[in-house]
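The values are calculated or read from the model by the stated rules, or taken from the named source; none is laboratory data. These figures come from a predicted structure and were not determined experimentally. With ideal geometry, Cβ positions are generated from the backbone for all residues, glycine too; neighbour counts draw on all protein chains shown. To get the accessible areas, we keep the full protein, side chains included, count just its heavy atoms, and leave off ligands, DNA and RNA. Shrake-Rupley method; radii C 1.70, N 1.55, O 1.52, S 1.80 Å.
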Amino acid sequence: MSGKTLYDKLWESHVVHTEADGSTLLYIDRQLLHEVTSPQAFAGLRAAGRKPWRITANIATADHNVPTRDRAAGISDPVARLQVETLDRNCAEFGIEEFAMNDRRQGIVHVMAPEQGLTLPGMTVVCGDSHTATHGALGTLAFGIGTTEVEHVLATQCLWARKSRSMRVWVDGVLAQGVSAKDLVLAVIGRIGTAGGTGYAIEFAGPAVQALSLEGRMTLCNMAIEAGARSGMVAVDETTIDYVRGRSYAPVGALWDAAVEAWRDLHSDADAVFDAELRMDAGAIAPQVTWGTSPEMVTDIRGQVPDPAQAADATQRKGWEEALAYMGLQPATPIQEIRVDKVFIGSCTNARIEDLRAAAAVVRGRHKAASVREVLVVPGSGPVKAQAEAEGLDRIFREAGFEWRDPGCSMCLAMNADRLEPGERCAATSNRNFEGRQGAGGRTHLVSPAMAAAAAIAGHFVDVRHWPAS
Amino acid sequence: MQTFTVVEAVVAPLDRPNVDTDAIIPKQFLKTVDRQGLGVHLFEAWRYLEKGGVQVPNPDFVLNQPRFAGVQILLARENFGCGSSREHAPWALADYGFRAIIAPSFADIFYNNCLKNGILPLRLASDVVDHLFHEVRAAPGYRLRIDLPAQEVQTMGDSRYHFAIEASHKHKLVHGLDDIELTLALGDAIGAYEARRSREAPWLFSSPPARRRGV
Ligand code: SF4
């Protein structure tokens, strides 16, 4: 019999009950709640007169709707304010701990939880948000769920699920200077497409993945959903354990020692067999830039906008034509000639301290191009913001003409006041370039933090590998 | 939850691959704290045009065409419902009146969310879907009959296509069952799991909010 994958181990340790058809009741260790996908779940609970099964397994924060400046003044949009207040009220009523809007630990739910030690290796983690895959970077089984499932987890601490197939993305080699986890994951999506991982749990492995910091691994797992996979994960190693040690909610003393011993088994066995395998060479990856309205519409900085005439089939041709029309791009335009109106550095993909450092390194001593209207830098959480300020990164950004904001989802999905106007073009470090994602009619190009920062300075996309060091 | 047994209804074709949840229901409507009332915003960006500051129906968009009035079945392309986990997408589809979506493939989270809201996400092979697109375009008033107990799609020309669905999903849809009630019936098993797990991995059960060291 072959060995077990990391996914097998995580799955098996959480099975409560299995039906004859394979549908499984899975135990959930941690549920993360935010204001957008939880109100109807709490309402359902209340209507049925139910109580949460295990209150301390839940933690909440407000992130999607919160303003990124003048927070003391509260939320001016009454509908958004009601939603955030509803979360506050629900948490108070049901006794769930919440990092409310003005708590210093508040942040994007997927930045906040690992940072506080609320995500621990070996856990099952769910949230009413598709980017829950992020937490897989710590060797967890983490996936996004809908609101009815949020209610189900609140009421039962379990979820009905069916085991996915397993895929391993093995990355050999070393990422070049200036090439990051974001470029790697965009390159993977470019290879397998946005549905390539549908029905799979993806494990990212190999020397180039092990060489990544935990922040980089989070960026990688974060976008597993953009490849269609509900969960992405990375095996536990010293990097993971070092990251978790000393976090507020991490175990201490004898419990810590016992936990670490158990966590050391959280990797795929050498003889484990995957249902699908993909091999990538990190050394061959150049900085990536998306040109269309789906993350799979991506090329590298040396490339050009494709010509629909060269599409593989009629469906793809139509997709490309629609994307180019929406994006206002001509076939064969070199990527480096695309000019941007705005730049967004933030989101659960790229708003951790390491991302801000990478951006600041590019910006130091320079100023944004006059043609760039606005550059938003939105840290992922209160602690990230405090750390960046302690390192003086905020000053570097401000001196470059960038705006330094308060933590939240911000222009990743533009539910608050931060958004693109129709036709505006944006270099963004977020994860989705869908039509209208950053504002109706807005045009999004997904890139790494260093590439976004360089585009802000140059006014167009540039190859950050050849960017002069300051 | 509304039960789903047999639905016979008008079909509308939406001929685009990778229709994402942002397209199904844009984020400005996610601020609601209710499940109802989202149908008017379904496919908002495609469905309406701005004219002098007011929204008017876009006559080119499929759902605005009179021949698709009363539609309950959506015919779609691959990877339908990709993107975010927002259940607002199936809520909007249900509120508009959709009972079933036929596509070659669906994004995983969206697929699950449909099932929780009495919508049948139904997979058929690409060539069959292609063929149905052909038929629906050619015949105004085109209808399909979906028989969930028999797991069959029937055309008015009496072609029949079998489709697969997990037994438990089918059972819950046919009977309109509430998942939570079923799961709570397994409460003893959940309790037993917790007792065992808290011995094996006690750090997962040591009530965390007690400590505050800050990061
Ligand atoms: S930052 Fe963007 S992708 Fe991440 S949780 Fe917020 S809205 Fe979703």
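Remarks
- Under the condition of being out of contact with any helix residue (DSSP H, G or I) (no Cβ under 9 Å at 6 or more places or on another chain) and closer than 24 Å to residue A:439 by Cα, the residues counted in the stretch A:312-322 number 1.
- Subset of the stretch A:57-74 (residues that are away from the ligand (no atom under 16 Å from the Cβ) and within 26 Å of residue A:386 (Cβ to Cβ)): A:58, A:69, A:70, A:71, A:72, A:73, A:74
- Selection of the stretch B:1-13 for residues being open to solvent by less than 10 Å² (accessible area, probe 1.4 Å) and closer than 12 Å to residue B:74 by Cα yields B:9, B:11, B:12.
- Extreme residue, nearest to the other protein chains (Cβ to nearest Cβ), among residues of the stretch A:132-164 that are over 20 Å from residue A:40 (Cα atoms) and within 16 Å of the ligand (Cβ to nearest atom): A:133
- For residue A:333, the test of being within 14 Å of chain B (Cβ to nearest Cβ) and either more than 16 Å from the ligand (Cβ to nearest atom) or modelled with pLDDT under 95 (or both) is failed.
- Listed by position, the strands (runs of 3 or more DSSP E) enclosed by the stretch A:67-161 that each have at least 3 residues that are buried (at least 24 other Cβ atoms within 10 Å of the Cβ) are A:124-127, A:141-144.
- Any chance residue A:374 is away from the ligand (no atom under 16 Å from the Cβ), free of Cβ contacts under 8 Å to residues at least 60 places away in the same chain, within 14 Å of another protein chain (Cβ to nearest Cβ) and charged (D, E, K, R): no
Per-residue answers, yes or no, for (1) within 11 Å of chain B (Cβ to nearest Cβ); (2) in contact (Cβ under 8 Å) with a residue 60 or more places away in the chain; (3) open to solvent by less than 10 Å² (accessible area, probe 1.4 Å):
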{"site": "A:1", "(1), (2), (3)": "no, no, no"}
{"site": "A:12", "(1), (2), (3)": "no, no, no"}
{"site": "A:19", "(1), (2), (3)": "yes, no, no"}
{"site": "A:27", "(1), (2), (3)": "yes, yes, yes"}
{"site": "A:32", "(1), (2), (3)": "no, yes, yes"}
{"site": "A:36", "(1), (2), (3)": "yes, yes, yes"}
{"site": "A:45", "(1), (2), (3)": "yes, yes, yes"}
{"site": "A:54", "(1), (2), (3)": "yes, yes, no"}
{"site": "A:63", "(1), (2), (3)": "no, yes, yes"}
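- Residue A:397 falls short on exactly one of the conditions (1) open to solvent by 20 Å² or more (accessible area, probe 1.4 Å); (2) over 18 Å from residue A:213 (Cβ atoms); (3) more than 13 Å from the ligand (Cβ to nearest atom), and that condition is (1).
- Residues (crowded, with 20+ Cβ neighbours inside 10 Å and within 14 Å of chain B (Cβ to nearest Cβ)) located in the stretch A:165-191: A:167, A:189
- Looking only at residues in the stretch A:75-111 that are away from chain B (no Cβ under 12 Å) and touching a Lys or Arg at 6+ places or on another chain (Cβ under 7 Å), the one that is nearest to the ligand (Cβ to nearest atom) is A:101.
- Residues in the stretch A:413-466 that are open to solvent by less than 10 Å² (accessible area, probe 1.4 Å), among the small types (Gly, Ala, Ser) and not in a loop (DSSP other than H, G, I, E, B) were compared, and the one that is farthest from the ligand (Cβ to nearest atom) is A:454.
- Residue B:111 vs. criteria away from the ligand (no atom under 16 Å from the Cβ), within 25 Å of residue A:435 (Cα to Cα) and touching a residue at least 40 places away in the same chain (Cβ under 8 Å): no
- Residue count, the stretch B:78-114 (criterion: at pLDDT below 95 and open to solvent by 20 Å² or more (accessible area, probe 1.4 Å)): 3
- When residues in the stretch B:14-33 are screened for being surrounded by 23 or more Cβ atoms within 10 Å (Cβ to Cβ), of a type in the set (A, V, I, L, M, F, W, C) and more than 7 Å from chain A (Cβ to nearest Cβ), 3 of them pass.
- Evaluating residue A:232 against the criteria (1) more than 15 Å from the ligand (Cβ to nearest atom); (2) closer than 23 Å to residue A:126 by Cβ leaves one unmet condition, (1).
- Residue within the stretch B:155-168 that is touching a residue at least 60 places away in the same chain (Cβ under 8 Å), open to solvent by 20 Å² or more (accessible area, probe 1.4 Å) and not aliphatic (A, V, I, L, M) present: no
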